[in-house]
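J.: Starting off with a structure, shown below.
The values are calculated or read from the model by the stated rules, or taken from the named source; none is laboratory data. Predicted model only: the values in this text are computed from it and were never measured. All Cβ positions, even for glycine, are placed from backbone atoms using ideal geometry, and neighbour counts span all protein chains on display.
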């Protein structure tokens, strides 16, 4: 039986949840609002919330000055490409570690995670040199490789925790019924793990989309994704807030929309196994 | 196998397009008005050089610095022209990382470059970068508030006058603060400002034996003066104010005086963005009567990394972008006030340019800065608001945090200087300057 909830309590919780939600969303909202202001209004104090002259000037300036679609396409290729390749490698890896653990599985997992503890800048020069010698600097292929590698530990870890939640008994029952390893993975494991795989996929696309260290440092004119597009609108000397906001809005809009449509999958995946 | 052949195909395709098409040069630059204008005018260059194509990489200053430093240090070859400042040129030139520009044609008229700027870009007689625009710093003040305070700004004020005027102009109830100065931590932010200021107080970063000087009285005087003045007449939360924050404050009428880059003059006098556009006066950066003023010197310049495959094309571009003809091109398109300032003597002799209200003061400010002899007492380094050694960036970042903390009131001036001295001594010993 569900616990009885008084209307007052329900109202309080609702207000609180909306409050927290708005608080988290506020910076994005402010960025979007600022993108419709003039540079003078963007720095006006006190700032106006909606009562200003709305203008699309910043968007037209940004479109005129930068090749948005090239950056956008680069972002899509890099984030989707690196995530898919990452999943291809990580699903078998996570399966074996979750269902056929060996003596050192825990250590292997820990070791994978430890690669995330190193500050990226520590390996910038070696990677830059390798990229220079292999001709991968400023190429999408190079970025897909790097982002796949840096996100792989997270993909493996996420999938591993999801797979762990799936009762081994079900897989064993399938085996008893004569299912091959292939059939077991495709027809039994995967359907049960879909929410987990989906949320891993979405989260990694978001991570790769937002990655701003490697994507800035390994690109120049050709493979630069939206992170470089944003970085070209910031300046320590000069007024740029409105144009920067317009560029940021254009850079986050696709991923925001994707997140909106897939929020059910995301929430389901992220809370999968949270209640035991 | 498939991937390999695809890669091979892609590479050969790349090579072939390179053969068929024009030569492409990639230019890395910063995001500021003058550079964006140059991008807009690229058609003029490509029309004159149809065999050269130009690609731009525009980045925020600090991102760009990190990016081009990595590339040049590893000989990555991603850029053919780099926008770098007076801090990088002496260091990179000495390393042999840059192509010498001594062979520019006579028509370029290299002697027309302002001597102070040219000096900052020359290492052992070799010009390693061509200045695109130069700047110094000066006092921008509100003529109406100065009048209200019953004072008159001299052309070359002293720090004592500035302090007196700042305190007189302050009206905290109406959110008017007498003076706005940089407080945000960073080697290009508060350290640039306070270092230039300290030059006028007779302080220096190092003595001739590279021993840090933060334990000397002159530094204590500088920092105490700065902190006291900001406490009495500065805006609240000044420890997070950099150029842009102060620009916003000044443009909305909240600062009586603002000491910062000369390039700001065109912003604050632009009626589209500035509420106080018609009430701004200019004066030289203040001094303390010791023979050095507190203005800095900076030039965003175009340099060519050694080892680029497109050296000749890159040189053509650098020549075009920093030529006299380019200045005329900008003037004919956007007016003289939008011409990149501070690089050529002939610009300041141009009667049309003389009409620009801040032209004369910018020239005087630039000319009064001397990067070779920045301080009252002799120093072993080059640079007015920085020390042109590779260790400076890291060192100044830490020291900037100390100065900013002192401004925020979390530590005292003495504590800030003590840590600065400690950090500098440690780093300079480690780097082998102090034996």
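J.: Being surrounded by 15 or more Cβ atoms within 10 Å (Cβ to Cβ), assigned by TED's automatic domain parsing to the domain that holds residue B:33, within 21 Å of residue B:315 (Cα to Cα) and more than 22 Å from the chain's Cα centre (by Cα), is that true of even one residue in the range B:104-111?
T.: Looking through the range B:104-111, at least one residue is surrounded by 15 or more Cβ atoms within 10 Å (Cβ to Cβ), assigned by TED's automatic domain parsing to the domain that holds residue B:33, within 21 Å of residue B:315 (Cα to Cα) and more than 22 Å from the chain's Cα centre (by Cα).
J.: Then there is this: If you check B:56, B:97, which single one turns out to be away from every other protein chain (no Cβ under 14 Å) and more than 17 Å from the chain's Cα centre (by Cα)?
T.: The conditions single out B:97.
J.: How about the range B:333-429: which helices (runs of 4 or more DSSP H) wholly inside it have at least 1 residues that are touching a residue at least 40 places away in the same chain (Cβ under 8 Å)? Talk me through it step by step, then tell me what you get.
T.: Working: elements: B:345-349, B:351-354, B:359-367, B:392-408.
The qualifying helices (runs of 4 or more DSSP H) are B:345-349, B:359-367, B:392-408.
J.: Scanning the range B:241-261 for residues that are assigned to a helix (DSSP H, G or I) and touching a strand residue (DSSP E or B) at 6+ places or on another chain (Cβ under 9 Å), which turns out nearest to the other protein chains (Cβ to nearest Cβ)?
T.: Going through the range B:241-261, the residues assigned to a helix (DSSP H, G or I) turn out to be B:243-251.
Going one step further and asking which of them are touching a strand residue (DSSP E or B) at 6+ places or on another chain (Cβ under 9 Å), we end up with B:243, B:245-247, B:249-250.
Values: B:243: 5, B:245: 9, B:246: 11, B:247: 7, B:249: 8, B:250: 11 Å.
It comes out as B:243.
J.: Something else now. Could you tell me which numbered condition residue A:216 fails, if it satisfies all but one of (1) part of a helix (DSSP H, G or I); (2) away from every other protein chain (no Cβ under 14 Å); (3) surrounded by fewer than 21 Cβ atoms within 10 Å (Cβ to Cβ)?
T.: In the conditions (1) part of a helix (DSSP H, G or I); (2) away from every other protein chain (no Cβ under 14 Å); (3) surrounded by fewer than 21 Cβ atoms within 10 Å (Cβ to Cβ), residue A:216 misses (2) alone.
J.: With in contact (Cβ under 8 Å) with a residue 24 or more places away in the chain, out of contact with any strand residue (DSSP E or B) (no Cβ under 9 Å at 6 or more places or on another chain), surrounded by fewer than 18 Cβ atoms within 10 Å (Cβ to Cβ) and more than 8 Å from chain A (Cβ to nearest Cβ) as the only criterion, which of B:51, B:44 stands out?
T.: Of the residues listed, the single one that is in contact (Cβ under 8 Å) with a residue 24 or more places away in the chain, out of contact with any strand residue (DSSP E or B) (no Cβ under 9 Å at 6 or more places or on another chain), surrounded by fewer than 18 Cβ atoms within 10 Å (Cβ to Cβ) and more than 8 Å from chain A (Cβ to nearest Cβ) is B:44.
J.: Run residue B:278 past the list (1) in contact (Cβ under 8 Å) with a residue 40 or more places away in the chain; (2) more than 12 Å from chain A (Cβ to nearest Cβ) and report the number of the one that doesn't hold.
T.: Failing condition for residue B:278: (1).
J.: Another question, then. Identify, from the list A:122, A:81, the residue that is in contact (Cβ under 8 Å) with a residue 24 or more places away in the chain and either closer than 30 Å to residue A:221 by Cα or surrounded by 19 or more Cβ atoms within 10 Å (Cβ to Cβ) (or both). Working first, answer last.
T.: Working: A:122 fails: in contact (Cβ under 8 Å) with a residue 24 or more places away in the chain.
When all the criteria are applied, what remains is A:81.
J.: Can we say residue B:139 is closer than 29 Å to residue B:340 by Cβ and touching a strand residue (DSSP E or B) at 6+ places or on another chain (Cβ under 7 Å)?
T.: yes
J.: Among the residues of the range B:275-304, how many are surrounded by fewer than 21 Cβ atoms within 10 Å (Cβ to Cβ) and in a loop (DSSP other than H, G, I, E, B)?
T.: The total comes to 5.
J.: Also: Looking at B:188, B:183, B:202 in this structure, which one is closer than 21 Å to residue B:403 by Cα and either in contact with a strand residue (DSSP E or B) (Cβ under 8 Å, 6 or more places away or on another chain) or surrounded by fewer than 24 Cβ atoms within 10 Å (Cβ to Cβ) (or both)? First the steps, then the outcome.
T.: Working: B:188 fails: either in contact with a strand residue (DSSP E or B) (Cβ under 8 Å, 6 or more places away or on another chain) or surrounded by fewer than 24 Cβ atoms within 10 Å (Cβ to Cβ) (or both); B:183 fails: either in contact with a strand residue (DSSP E or B) (Cβ under 8 Å, 6 or more places away or on another chain) or surrounded by fewer than 24 Cβ atoms within 10 Å (Cβ to Cβ) (or both).
Result of the check over B:188, B:183, B:202: B:202.
J.: I want to confirm something. Restricting to the range A:254-270 and keeping residues that are at pLDDT below 85 and loosely packed, with under 12 Cβ neighbours inside 10 Å, which single residue is nearest to residue A:76 (Cα to Cα)?
T.: A:263
J.: Only one of B:233, B:265, B:238 is surrounded by 23 or more Cβ atoms within 10 Å (Cβ to Cβ), modelled with pLDDT under 90, more than 10 Å from every other protein chain (Cβ to nearest Cβ) and in contact with a strand residue (DSSP E or B) (Cβ under 9 Å, 6 or more places away or on another chain). Can you tell me which?
T.: Residue meeting the stated conditions: B:265.
J.: Going residue by residue through the range A:6-23, is there one that turns out to be within 14 Å of chain B (Cβ to nearest Cβ) and either at negative phi or at pLDDT below 95 (or both)?
T.: no
J.: Among the residues that make up the range B:282-296, is at least one of them within 14 Å of another protein chain (Cβ to nearest Cβ), within 19 Å of the chain's Cα centre (by Cα) and at positive phi?
T.: Looking through the range B:282-296, none of the residues is within 14 Å of another protein chain (Cβ to nearest Cβ), within 19 Å of the chain's Cα centre (by Cα) and at positive phi.
J.: Considering only residues that are more than 8 Å from chain B (Cβ to nearest Cβ) and within 12 Å of residue A:68 (Cα to Cα), which ones fall in the range A:224-248?
T.: A:225, A:226, A:227, A:229, A:230, A:246, A:247, A:248, listed by residue number.
J.: Still on this structure, I have one more. Here are some residues: A:132, A:140. Which one is under 22 Å from residue A:75 (Cα atoms), free of Cβ contacts under 8 Å to residues at least 40 places away in the same chain and within 11 Å of chain B (Cβ to nearest Cβ)?
T.: Answer to the check: A:132.
J.: Go through the range B:63-86 and give me each residue that's within 23 Å of residue A:124 (Cα to Cα), touching a residue at least 40 places away in the same chain (Cβ under 8 Å) and within 14 Å of another protein chain (Cβ to nearest Cβ).
T.: Listed by number, the residues that qualify are B:68, B:71, B:72, B:75, B:77, B:78, B:79, B:80, B:81, B:82, B:83.
J.: May I ask you to verify whether residue B:311 is surrounded by fewer than 17 Cβ atoms within 10 Å (Cβ to Cβ) and without any contact (Cβ under 8 Å) to a residue 60 or more places away in the chain?
T.: On the way: surrounded by fewer than 17 Cβ atoms within 10 Å (Cβ to Cβ): yes; without any contact (Cβ under 8 Å) to a residue 60 or more places away in the chain: no.
For residue B:311, the condition - surrounded by fewer than 17 Cβ atoms within 10 Å (Cβ to Cβ) and without any contact (Cβ under 8 Å) to a residue 60 or more places away in the chain - is not met.
J.: Would it be correct to say that residue A:67 is within 21 Å of residue A:144 (Cβ to Cβ), modelled with pLDDT of 90 or more and over 22 Å from the mean Cα position of the chain (by Cα)? Steps first, please.
T.: Details: within 21 Å of residue A:144 (Cβ to Cβ): yes; modelled with pLDDT of 90 or more: yes; over 22 Å from the mean Cα position of the chain (by Cα): yes.
Yes; evaluated as a whole, the condition is true for this residue.
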